[in-house]
1. How long are the three semi-axes of the equivalent ellipsoid for the range 167-248, computed from the Cα gyration tensor as the root of 5 times each eigenvalue, in whole Å, largest first?
2. Classify the chain as rounded, prolate or oblate, taking a ≥ b ≥ c as the square roots of the eigenvalues of its Cα gyration tensor: rounded when a/c is under 1.5, otherwise prolate if a/b is larger than b/c and oblate if not.
3. Taking other Cβ within 10 Å of each residue's Cβ, how do Tyr453, Tyr237, Tyr313, Tyr545 sort, fewest first?
4. Taking a ≥ b ≥ c as the square roots of the Cα gyration tensor eigenvalues, with a/c under 1.5 meaning rounded and otherwise prolate when a/b beats b/c, else oblate, which class fits the range 344-454?
5. Based on Cβ point charges of +1 for Lys and Arg and -1 for Asp and Glu, what charge dipole magnitude is obtained for the range 200-290 about its Cα centre, in debye rounded to the nearest 20?
6. Can you give me the angle between helix 375-392 and the longest principal axis of the chain, using Cα atoms only, in degrees from 0 to 90, rounded to the nearest 10?
7. Report, to the nearest 10°, how far helix 121-138 tilts away from the longest principal axis of the Cα atoms in the chain, using its own Cα long axis and a range of 0 to 90°.
8. Do the sum for the chain: with -39,500 (n - 2.57) for every DSSP H run of n ≥ 4, divided by all residues, what is the mean residue ellipticity at 222 nm, to the nearest 500 deg cm²/dmol?
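Where a number appears in this text, it was derived from the coordinates with a stated rule and is not lab data. Nothing here was measured: the structure is a model prediction, and the numbers come from that model. Ideal geometry is used to build each Cβ from the backbone, glycine not excepted, and the neighbour counts take in all protein chains shown.
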Amino acid sequence: MKRLGWGGCRLDRELDRHWLRWALLAWAAVAVWYLWQRWPQVQWLALGDTDDNMRLMQVRAWLAGQGWYDLRQYRLDPAFGGFDIHWSRVVDLPLAGLILLFKPFVGTAWAERLASGIAPLLPLAVVMTALSVTARRLIAPAAWPVALIVLMGCTSTMLMFAPLRIDHHGWQLACLAVTVAGLADPRRARGGATVGLSSAVSLTIGLEMLPYCAMAGAIVALRWIWDAAEARRMLVYGLSLGGGSALGFALFASHANQAMRCDALTPVWLSVMVAAGLLLFLLALANPSARWARLGLAAVAGAAILGGFAGFYPQCLGRPEGVSQALADTWLNNVREARPIYRHPLRTAFPVAVLPVIGILGALFATWRWRRSERVVGWAAIALFTAFAAAMLLWQVRAGPAAQMLSVPGATALVWVVVPWCLGHRWIWVRIGGSVAAFLLVSGLFAGFVLRYLPQDPPSNRSVAIRNANASCARFWAMQPLDRLPRGTIFTQVDLGPRLIALTRHNAVAGPYHRNERAILDVHRAFTGSAERARGLIARHQADYLLICRDMSETTVYRARNPNGFYAQIVGGRVPEWLEPISLPENSPFLLFRVERERRAGA
């Protein structure tokens, strides 16, 4: 990139010397813009995802006196004593801290709103800093602004940091960005510690990034196999991973997560991380000089980890959620984000996949370009990591945010080479038009322009109704009339449960969490079965009310399983005598009924 400056100030020198100051200033500008853009949603606490609502409820319960290690949600399925959430309190800390900070000045309600708006922006600062460090280490000291511009075009990634996105995804992406910076670190001990600790923090938060943590560990081991001098990196990585995971388990594992389960950092995964860290530490200490010997030892260690895992924890070889086939067929297999990218429409898949492809090409190009430099090892690691992240899209499209973020270094490397070449061309139309076109192309930003020309099916009346219902039923104004009723337990759709308990004083029966299997199945069986069966299931959960959001996306499953089931009967006006309709405002998207006490008791 050409040296730029004005007056007596060299811009590239300023961007190098004071890069952190300017990167944090850029983050502050993005944060202010995000809050301004989404202020109406913040004002109405429009938490759009079930996990965001549940995260707020978890923090509320903790601040109200619930134990640090007690993550049971007592307002879901209270007839059975509530149910456990497989999360940890790592992500609760910044949210709770912001609430306590604002509460003396604006009261509890507004403190929750402000905290929910600001908290997701904190991990974005970590991501922007980590990607800036990676660009400085692998491309050029002044290349970090380009990386941040490319990041702004990662639509799937940036959505994880939007105000009100208070669940754990943003923090796990932050851990992943720090891992990448560690892989790019030329200082071996510091890089190993960075990768190990960031992986341990990510696993303490949740297991969603477990494949990426495993891949990072594999890359550290591969670097050692290739170069014995990398033993120091692997030694420190092994200690950091094992020790960090043990510390995370001790500080954050809930009472429920101290059982031998497969869906969180339980003793199962703790033993795996400690064993893996110990073996890598021992291999680094041995550090034979022959490359074939290092490869053989690494293969034996990997086989020992995999064999031990299969032998000691065979229950974890399938789905980590450990759900029954009935729940998988009824609910889990119908989650859209769990489907591979090729099963989604082109208009959905194209903008997600474009940047990962560019990132792979850019990382490969950079590996070749710096093949005679010390940077080649870092670029080879980035290329391998980016390719792995892109391959994850073939498993689940929910890997999109991570795949896009990991593509930023490769795309930045292309921008750093291609755009200056265009700017230095002797033809003016290449200098101007070519520079703009090249930047849009290699940064992936062109996807937004192409998207409007991709074919799409016209929305059906059904899809429009579903979209409207999903939005309307979750809004504050729709839920508010429910608080005029005496407090009770409301039997309603699974996806509506967390929002209901977040906005009203009522309890709900179910939420979309796999440890809530009994309640999820009961809700689906009630709405897809006969009225008499629904009556018994509603009585089983001691519900006082029945609430139905017409045409919510979940109802497509009900209709598909039984077009004449209880849900279809209710929305069709066939209300059984044991349900008493309750009037709601004319514009309400709900149908609400009181379950008659005498009939419920006798059911």
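1. Output for the range 167-248: semi-axes of 21, 12, 10 Å.
2. Prolate, because a/c is 1.5 or more and a/b exceeds b/c.
3. Ascending Cβ contact count within 10 Å gives the list Tyr453, Tyr313, Tyr545, Tyr237.
4. oblate
5. The calculated dipole for the range 200-290 is roughly 120 debye.
6. Around 20 degrees separate the two axes.
7. Helix 121-138 and the main axis of the chain meet at about 20 degrees.
8. So the helix-based figure for the chain works out to -19000 deg cm²/dmol.
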